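The values are calculated or read from the model by the stated rules, or taken from the named source; none is laboratory data. The structure presented is a predicted model; accordingly, all values stated were derived computationally and were not measured. Cβ atoms come from the backbone with ideal geometry, glycine included; neighbour counts cover every protein chain shown. When the accessible area is computed, the model is the full protein with side chains, heavy atoms only, and any ligands, DNA or RNA have been set aside. Shrake-Rupley method; radii C 1.70, N 1.55, O 1.52, S 1.80 Å.
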Amino acid sequence: MRTKPLLAAVQGALALTAALLLPPSAHAAGPACEVNRPVRFSGLNWESNLVLAGIERYVMEHGYGCKTSVEIGETLPMLAALQRGDVDVTPEVWPGQIEGAWKKALASGRVLGVGHVYDAGEGWYVPRYTVQRHPELKTAADLARFKEVFADPEDPGRGRIYGCPAGWACGTLNDNLLRALGLDRDYTLFAPGSGAAQKAAIMSAYKRKRDIVFYYWTPTALVGALDLVKLELPAFDQAAYTCLTDPKCAKPVATEFKPNPVVTGVNAAFAKEAPQLAGFLAKLTIPSDAIDATLGWLETEGKEPEDAARYFLKQYGPVWRQWMPADAAQRVQAALDKE
């Protein structure tokens, strides 16, 4: 009568011993996040930021056991939110675009700029087919001889350059650059009402093989998907660039756009509370060809940024595995394999 209880006790002891011999990761269903609330991301209104947010959220959720959320907003309001601690992470900060505000945020001690996500850029572009039609068009200054090619449909006697959307910080820079090149006499710098309107105008012209010259930035889905040529500008000069960004610049001088090493914005209190997550963000860097290809895929496939985030993770394992410990990488890969 005592055999069954004795056998059950032995089996229980063996099970306990086996459990104690298992690796630590086997004792729990998953890793415990360093914060007991969702990690809050800034969702800025352009594709590369949203794709980056998708990549980082996927890694934090599956690799580090965290919950995440996204707050949608514009650059400067979300920078203020980052300082207040209303959001924890801004995946893509261009310090060169918001020099004054970014310096103040860093000086406050409430915000950190970590890592080097990639190098972003700006420029004036034309389609490659336009250069093939007009091979002498190489520099932005050359546009003076081609106003008929880029005729403004609302004022055919002038050319049209599609600038950045109305209200964006780059508007001042483009206005001053137009004056610096002496193009303001012959060209209208057209400001689309929104980023979507700007993109739609460019895509419409490109699909119809019409000549168009426009301001744009990289990395973006549009530049990744289209065959474009960036018009040359004089070598970068900091003093000239500083004046170009000033609405009161009296005598603008043409210069190349400032290189923009993109960093990740992190709330300082969050970084202290979650050092492992902050360490992951500090290591995050993406080669230019990888982000360009991912954004190009987003454009050509007509998918959502979250889809592009998964595309990147599935295509570029050797890149993202360097951002995190091996056990976290294994958990991310396991989640991808289940999809």
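Quick look at the numbers
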| item | result |
| --- | --- |
| Sites E99 and A250, calculated FRET efficiency, Cβ-Cβ separation with R0 22 Å, nearest 0.05 | 0.65 |
| Fraction of accessible area attributable to carbon and sulfur, the chain (%, probe 1.4 Å) | 56 |
| Aspartates and glutamates with Cα under 15 Å of K147, excluding same-chain neighbours fewer than 8 positions away | E136, D155, D184, D186, D211 |
| For V70, residues with placed amide H under 5 Å, excluding near neighbours | F41 |
| Under-5 Å amide H pairs with R158, H placed in peptide plane, nonlocal only | D152 |
| Convex hull volume per residue in cubic angstrom - Cα atoms of the range 102-160 | 168 |
| Average projection area in nm² (convex hull over Cα atoms of the range 44-90, one quarter of hull surface) | 3.1 |
| Cut-off under 5 Å, modelled amide H: who pairs with V213 long-range | Y162 |
| Integer Hz, Karplus 6.51/-1.76/1.60 couplings in order for the range 238-251, x for Gly and Pro | 4, 4, 5, 5, 4, 5, 4, 7, 9, x, 9, 4, 7, 10 |
| Mean ellipticity per residue at 222 nm, deg cm²/dmol - from DSSP H runs of n ≥ 4 across the chain, formula -39500 (n - 2.57) | -13500 deg cm²/dmol |
| On Cα atoms only, tilt of 75-84 relative to the major axis of the chain in degrees | 40 |
| ³J(HN,Hα), Karplus 6.51/-1.76/1.60, whole Hz, each residue of the range 188-201, x for Gly, Pro | 9, 8, 8, 9, x, x, 7, x, 5, 5, 4, 5, 5, 5 |
| The range 203-339 - accessible surface per residue (Å², probe 1.4 Å) | 49 |
| Under 28 Å, Cα to Cα: Lys pairs in the range 232-333, sequence gap 8 or more or different chains | 6 |
| Rh (Kirkwood; distinct C-alpha pairs) - the range 53-123, Å | 13.5 |
| P(r) weight above 24 Å for the range 125-253, C-alpha pairs, percent | 25 |
| Calculated P(r) of the range 172-326 - Cα pairs past 24 Å, % | 53 |
| Estimated Rh, the chain: Kirkwood, alpha-carbon pairs, angstrom | 22.6 |
| Beta bridge orientation in the chain: antiparallel %, DSSP, nearest 5 | 60 |
